[in-house]
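Data block below; observations after.
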Amino acid sequence: MRKDTLQYIKSLVLGLITLGLVGCESFLEEDPRGYITKDDIPTTYQGAIMLASAPYENWVSGGNLYGRWFMMWETGTDDQSAQTFLSPPMDTYLLHNANPDEQFYYSGIWAPLWKGVADCNNALDVIQQMPSIDDKDNVIDWDEDDQTISDDTKDVIFNSRITKSQQEAVIAEVKVLRALYYYHLVRMFGDLPLVTVPMNKLSNLGSIERSDVMDIYNEVIIRDLEEAIPHLYHFHSSSFKGRFTKASAYVLLADVYLTLAGKRYSSQGVPLSGDSKYYPLAMSMADSAINNQGGFELCTTPSAEYPNPYGQPWRQSFSKESLIEFGNLSGFGIGGQGEGLMVVQEAMMGGGSQFWGVNVKQFHGSASGYYLPTPDLFRAFEEGDLRKEFGMLVKSADAEGDTCYSIPLYHKLLDPVIYRGETGFQRADGNINIVLYRIADAKLIYAEASNEVNGPTARAIDEINQLRNRAGLEDLPASMTKDEFRERIWQERRVELHGEGKRKFDLVRTDRLKILSDSRDLYYSSSDNPEWKSNSGKDNILVNYICLPYPQHEAIWPIPRPEMALHPNWKQNYGY
């Protein structure tokens, strides 16, 4: 995150901690804590932004969600495994023993996702009650898209009464955030309680029922996004990069529609087909994201700082390609207790000698080996694909100028400051951002949806070719069947979006989770490494855990037992 934005958001979050909004772990408690009333927050633009900042920060806060544990969702697919030495919590997912008592998915994924929903509901309730003034009565005529405004003028604006348009814009941001939280929840846990008001305003909390997934989609996710789009800004000034824009909502809604067009499993274990009516809608929303008015586009130009443009979104915070991205409070603590991204530690692993054939100097920093790419993914890239060059980290110069080596690692999840051993780094305090959606996502969604509606069109093929050309690859054939193009799109999604937490979602909606996960390549070979250093080759290099059959019911996860205990009227998901 940009340092000016980081410090500003940090001050807002600290203010919320002081007020008590941040810190309530369980959303569906009988005695909810930490609710902020309209009297606790100033009725200013800054007060509204303060409320909106909590659900932003929650995505990467400490060891929660994308800050540490979310990538467990990918474990056991054809893209991701973990170290060969089994240890909690990864043994649960590698052995496919997902169960309601596993603590990390409860405390690190379920509870934080619901906390995000609660933060959004609380924020919406308070912001909607703020007395606003007409835009014509504002002390300064200003549009937030204006990037020339001075800091002194900003202070006046932020501490003035909120205008109607400012209020609508912040409400829209929070609705996109709520949609994003619920979108994760329904895909991971199936039927859920539909809650859009603060907990202290519910009279039936103990007996609240789980609503059908489609009710959640229609009454929360899609409705929130559709209501938000007209009021979102096209872009934000440099001080607020990372806040959601129209393009953010467009790409998220496009992804939602693509998911609804695909397969899924119900909470009762029934395989369900999607509805093809969502393909044109996905296509339209993706087109709006691609042709946005906020200046968002692919990073395509090499530079001294970013020689491989594909990797620029992970090395330049809030790049022009990034549509949904989350920063973190790196340095907000000490060492392993810091608030930086601990995922960088979990995605690291030693054992470079296995992939290189001799003893080599290894990367710096602590390494857990929880999230490792599989040989199957490593081999999925075409020869010369620059996405592999950036995304599969196997060697790099360290701060001393020495070359360090490793088994293949997800570069997108690693902080160069840590693995290079820069002075002052903290082993579990990564300072990278998490990039969740990019313009590349919109292009892939457009191509896939368009192919299902119209077959291979020149426009759809060109959207894929733009990604391939940036990666140093040739165009796809101009003449393909619908089935051939679909397979090529799925392949492009795999290599373009690798390490971004989307593979299992894709495999579920395309009905390929079991067949591809069960048949993945398990062993590396010395031939996978053109710089293999040993005089003798080897074909059975095992760097991550072997593949076990993927059970159908793990297409969604169980409701955690602590939550089931609070709601005895709920029925557990099938298979658990």
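The values are calculated or read from the model by the stated rules, or taken from the named source; none is laboratory data. Note that the structure is a prediction, hence the values are computed from the model and not measured. Positions of Cβ are backbone-derived with ideal geometry, glycine not excepted, and every protein chain shown enters the neighbour counts. Heads up: the accessible areas ignore ligands, DNA and RNA and are worked out on the full protein's heavy atoms, side chains in. Shrake-Rupley method; radii C 1.70, N 1.55, O 1.52, S 1.80 Å.
Restricting the first member to segment 255-277 and to residues that are over 23 Å from Asp441 (Cα atoms), and the second to residues that are assigned to a loop (DSSP other than H, G, I, E, B) and among the aromatic types (Phe, Trp, Tyr), the beta-carbon pairs closer than 9 Å and six or more apart or on different chains are Tyr265/Tyr574; Ser266/Tyr574; Ser267/Tyr574; Gln268/Tyr574; Gly269/Tyr574; Val270/Tyr574.
Identify, please: which residue in segment 228-248 is part of a helix (DSSP H, G or I), among the polar types (S, T, N, Q) and in contact with a Phe, Trp or Tyr (Cβ under 8 Å, 6 or more places away or on another chain) and is, among those, nearest to Arg178 (Cα to Cα)? Applying the filter and picking the extreme gives Ser248. Close Cβ contacts (under 7 Å, 6 or more residues apart or on different chains) running from residues in segment 199-212 that are modelled with pLDDT under 90 to residues that are open to solvent by 70 Å² or more (accessible area, probe 1.4 Å) and assigned to a loop (DSSP other than H, G, I, E, B) comprise Leu205/Glu30; Gly206/Glu30.
Per the listing Ile133, Ile157, Ile140, the residue uniquely open to solvent by less than 50 Å² (accessible area, probe 1.4 Å), modelled with pLDDT under 95, among the aliphatic types (A, V, I, L, M) and over 20 Å from Ala52 (Cα atoms) is Ile140.
Test Asn218 against the criterion of being part of a helix (DSSP H, G or I) and in contact with a Pro (Cβ under 9 Å, 6 or more places away or on another chain), and give yes or no. It is false that Asn218 is part of a helix (DSSP H, G or I) and in contact with a Pro (Cβ under 9 Å, 6 or more places away or on another chain). For segment 356-369, a residue qualifies if it is without any contact (Cβ under 8 Å) to a residue 60 or more places away in the chain and in a loop (DSSP other than H, G, I, E, B), and the qualifying residues are Asn359, Lys361, Phe363, Ala367. Of the helices (runs of 4 or more DSSP H) lying entirely inside segment 449-526, the ones with 1 or more residues being closer than 23 Å to Pro309 by Cα are found at 458-470, 482-496, 503-509.
Total residues in segment 36-85 satisfying the condition of being in a strand (DSSP E or B) and open to solvent by less than 10 Å² (accessible area, probe 1.4 Å): the figure is 2. Screening Lys504, Lys514 for residues that are more than 19 Å from Met349 (Cβ to Cβ), surrounded by fewer than 19 Cβ atoms within 10 Å (Cβ to Cβ) and at pLDDT 95 or above leaves exactly one candidate, Lys514. Scan segment 249-308 residue by residue and report those that are basic (Lys, Arg) and part of a loop (DSSP other than H, G, I, E, B). The answer is Lys263, Lys277. Restrict the check to segment 97-105 and report whether at least one residue is modelled with pLDDT under 95, of a type outside the set (A, V, I, L, M), part of a helix (DSSP H, G or I) and farther than 26 Å from Gln572 by Cβ. Among the residues of segment 97-105, not one is modelled with pLDDT under 95, of a type outside the set (A, V, I, L, M), part of a helix (DSSP H, G or I) and farther than 26 Å from Gln572 by Cβ, which makes the answer no. Of Gly336, Gly331, all but one fail to be at pLDDT below 90 and assigned to a helix (DSSP H, G or I); the exception is Gly336. Return a yes/no flag: does segment 532-547 have any residue that is within 26 Å of the chain's Cα centre (by Cα), among the charged types (D, E, K, R) and in a loop (DSSP other than H, G, I, E, B). Looking for residues that are within 26 Å of the chain's Cα centre (by Cα), among the charged types (D, E, K, R) and in a loop (DSSP other than H, G, I, E, B), one finds none in segment 532-547, hence no. When Pro302 is tested against (1) free of Cβ contacts under 8 Å to residues at least 60 places away in the same chain; (2) closer than 17 Å to Thr510 by Cβ; (3) touching a Pro at 6+ places or on another chain (Cβ under 9 Å), just one condition goes unmet, and that condition is (2). Of all residues in segment 454-481, which are touching a helix residue (DSSP H, G or I) at 6+ places or on another chain (Cβ under 6 Å) and exposed (fewer than 14 other Cβ atoms within 10 Å of the Cβ)? Scanning segment 454-481 gives a single hit, Asp475. In the set (1) under 21 Å from the mean Cα position of the chain (by Cα); (2) within 22 Å of Pro408 (Cα to Cα); (3) outside the structural domain of Val358 (by the TED database), the condition left unmet by Ala471 is number (1). Is it the case, given these coordinates, that Ala347 is surrounded by fewer than 23 Cβ atoms within 10 Å (Cβ to Cβ) and either touching a helix residue (DSSP H, G or I) at 6+ places or on another chain (Cβ under 6 Å) or more than 30 Å from Gln466 (Cβ to Cβ) (or both)? So Ala347 does not fit the description; no.
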